[in-house]
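K.L.:
Below is one structure. I have some questions about it.
Values in this text are rule-based calculations from the coordinates and carry no lab data. This structure is a prediction, so every number in the text was calculated from the model and none was measured. Cβ coordinates were reconstructed from backbone atoms using ideal geometry, including for glycine residues, and neighbour counts include every protein chain displayed.
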Amino acid sequence: MLVGDLMNTKQREVCESQGLDPNRIPSHVAIIMDGNGRWAEERGESRVFGHMHGVDAVRSSVQAAMELGVRHLTLYAFSTENWSRPKEEVEALMNLLVDTLVKEMNELGNKGVRLRTIGDVGALPKNCQAQLDEAEASTESNESLDLILALSYSSKWEMVQAIKKIIDSGVSSADISAETVSEYLSTRGIPDPELMIRTSGEHRISNFLLWQLAYAEFHFTSTLWPDFGKENFFNAIRDFQNRERRFGGLLDTNHNVTVQ
Ligand code: FPP
């Protein structure tokens, strides 16, 4: 789904000023925020310093998404594999998450942001879970932007959970379709991302939304995450708009997808 019809005048103006087609803004953008450690190392600082500056880039991307009328923004904030990092780094990341929620959620909530999470959130420290619960509950009715934090998330974990739940529900194998699987994933009810951005020059998907990204366009940039600003976000959307999306079908002469 694209968001053109739901857009307000201000969002149309921003699209115009950025040379973007308001009718082809993706409804859902997912981001692998990568390069905080390298950004810090380049400055002779600790990795945690990079994560702290990564919060500025989160703020910029949320703002840019809202300015364009993107409806869902999923950020890969902490993967299942990230638990294997040094204890001090994991603790610092959890504290940073709590501090950021405490500092920013009121303002984001007032702007219409709804906070959601995907992943094994029960594995996070209790204070983190409490803060997330509060932020999710207080923004539940907001509709401008769904900010979806992937926390203790990995796609393989999510798929194993889904398979277990499908089996436990007793549904017959004959009744299982792609829609059934989607219903059992933690992204239930959220449209699949049309665009996935990864920063820092890595060209990997790193166990992120493997099912949901089946037909997404990928934008890779060498920019390290703390340097990723609104302009970088707009560039990624521009890149997306230059792609021909065929979904395995063919394009007719008007560049519409024809389904056989
Ligand atoms: C990857 O960079 C980044 C992370 C594992 C954490 C992302 C966290 C933030 C941006 C800050 C907090 C987020 C929110 C939503 C408040 P890396 O450490 O793997 O960098 P490297 O590849 O250069 O080592």
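K.L.:
Please arrange T139, T180 by how many other C-beta atoms lie within 10 Å of their C-beta, fewest to most.
P.N.:
On the way: T139 22, T180 13.
Going from least to most buried by this count: T180, T139.
K.L.:
Taking a quarter of the surface of the convex hull around the Cα atoms of segment 1-117, what do you get in nm²? It would help to have the intermediate numbers written out before the result.
P.N.:
On the way: hull surface 34.5 nm².
With every direction weighted equally, the projected area is 8.6 nm².
K.L.:
Quick check on the chain: helices-only [θ] at 222 nm, where DSSP H runs of length 4 and up contribute -39,500 (n - 2.57) each and the sum goes over total residues. Nearest 500, please.
P.N.:
Working: 8 runs with 108 residues, N = 260.
Only helices count here, giving -13500 deg cm²/dmol.
K.L.:
Another question about this same structure. Return the equivalent ellipsoid semi-axes of segment 106-198 as a descending list in whole Å, where each equals the square root of 5 times an eigenvalue of the C-alpha gyration tensor.
P.N.:
Working: eigenvalues 148, 54, 32 Å².
Those come to 27, 16, 13 Å.
K.L.:
If you don't mind, another one. Given the Cα atoms of segment 114-260, and with Rh set as the inverse mean 1/r over their pairs in the Kirkwood sense, what is Rg to Rh to two decimals? Before the final figure, lay out each step's value.
P.N.:
Numbers: Rg = 18.1 Å, Rh = 18.0 Å.
That ratio equals 1.00.
K.L.:
Treat the count of other C-beta atoms within 10 Å as a stand-in for reagent exposure and order F247, F220, F78 from fewest to most.
P.N.:
Values: F247 9, F220 18, F78 23.
Lowest count first: F247, F220, F78.
K.L.:
Give me the Debye-computed log₁₀ of I(q)/I(0) at q = 0.11, 0.14, 0.16, 0.23 Å⁻¹ for segment 159-223, equal point scatterers on Cα only, no solvent, two decimals.
P.N.:
At q = 0.11, 0.14, 0.16, 0.23 Å⁻¹ the computed log10 ratios are -0.34, -0.51, -0.62, -0.97.
K.L.:
Sequence gap at least 6, Cα distance under 8 Å: using those rules, report the relative contact order of segment 5-62 to the nearest whole percent.
P.N.:
Details: 26 pairs, mean separation 10.9, N = 58.
19 percent.
K.L.:
Moving on. If packing is taken as the average number of other Cβ atoms within 10 Å across a peptide's residues, how do 69-75, 92-98, 156-162 rank, most packed first? Please list the in-between numbers first.
P.N.:
On the way: 69-75: 23.1, 92-98: 18.1, 156-162: 15.9.
Averaged packing, sorted descending, gives the order 69-75, 92-98, 156-162.
K.L.:
Taking Rh as the Kirkwood radius, which is the inverse of the mean 1/r over Cα pairs, what is the Rg/Rh value for the chain? Mind showing how you got there, number by number?
P.N.:
Numbers: Rg = 18.7 Å, Rh = 19.3 Å.
Rounded to two decimals, Rg/Rh equals 0.97.
K.L.:
Still on this structure, I have one more. Determine, for Y184, Y76, the number of other Cβ atoms within 10 Å of each Cβ, and report the residues in order from fewest to most.
P.N.:
Details: Y184 18, Y76 25.
By the 10 Å Cβ count, ascending: Y184, Y76.
K.L.:
Return the single residue from N242, N23, N232 with maximal mean-square fluctuation; model: Gaussian network over the chain, springs between Cα atoms under 10 Å.
P.N.:
It is N242.
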